[in-house]
Amino acid sequence: MTKQVMIDTNFFMVPYSLGIDLFSELERLLPGFEPVTLSSVVDELLSIKKTSGKDAIAASIGLQLIEKRGIGIINSHMETDDAIVELASRGKIPVCTNDTELKRRLIRSGVKVICVRGKGLSFI
């Protein structure tokens with residue numbers, strides 16, 4: 001059985017910004033995982049890509065990962081964090097994020113959270 005994992009905007013920027021192999025680390029934590037994200041996450045990455053500097057490069061790499069990996073995109077018309085909390089809690093889907101406030105909301109909702117720890121990923 002494939003286990004879905006939802007990826008937040010900041011996590012798609014991790015490979016460039018922190019040098020972590022996102023998908024190898026996720027495979028270590030959740031063998032056979034199926035990555036999904038929201039349409040609003042893609043929109044946020046596109047917006048960041050239009051800026052300059054390291055964040056723009058990281059967002060561009062994140063968008064390439066979405067395309068190359070064929071990551072499932074769930075349409076969402078809600079604010080990104082609200083949609084992540086709702087969908088993840090309803091479907092019991094773990095979420096990858098480094099956003100402090102989002103992590104708090106997810107934990108309060110009973111959702112497992114994956115975040116960066118050192119040079120790898122771990123559940124909190």
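No value in this document is a laboratory result; all are computed from the given coordinates. Remember, predicted model here, so these are calculated numbers, not experimental data. Here the Cβ positions follow ideal geometry from the backbone for every residue, glycine too, while neighbour counts run over all protein chains shown.
What net charge is computed for the residues neighbouring residue 94, neighbours being all others with C-beta under 9 Å from the C-beta of residue 94, Lys and Arg scored +1, Asp and Glu -1?
Residues close to residue 94 contribute a combined charge of +3.
Of 68/92; 92/119; 50/92, which pairs sit farther than 28 Å apart, going by alpha carbon to alpha carbon?
50/92
Calculate how large, on average over all directions, the projected area of the Cα convex hull of the chain is; give the answer in nm² to one decimal. Could the numbers behind the result be given before it?
Values: hull surface 28.5 nm².
That works out to 7.1 nm², a quarter of the Cα hull's surface.
Please report the antiparallel percentage of the DSSP beta bridges confined to the chain, to the nearest 5.
25 percent
Which length gain, in nm to one decimal place, applies between residue 104 and residue 79 when the Cα-Cα distance is subtracted from 0.36 nm times their residue separation?
Between residue 104 and residue 79, full extension yields an extra 7.3 nm.
Working out 0.36 nm times the residue gap between residue 68 and residue 3, then minus their Cα-Cα distance, what length gain in nm do you get to one decimal? Walk me through the numbers before you get to the answer.
On the way: separation 65, 0.36 × 65 = 23.40 nm, distance 1.95 nm.
Separation in residues times 0.36 nm, less the Cα-Cα distance, equals 21.5 nm.
Using 0.36 nm times the number of residues separating residue 55 and residue 123, minus their current alpha carbon distance, what extension gain do you get?
22.0 nm
For a label point 7 angstrom out from the Cα of residue 90 toward its Cβ, which stretches of region 44-82 have the backbone nitrogen within less than 20 Å?
Residues 72-82 fall inside that zone.
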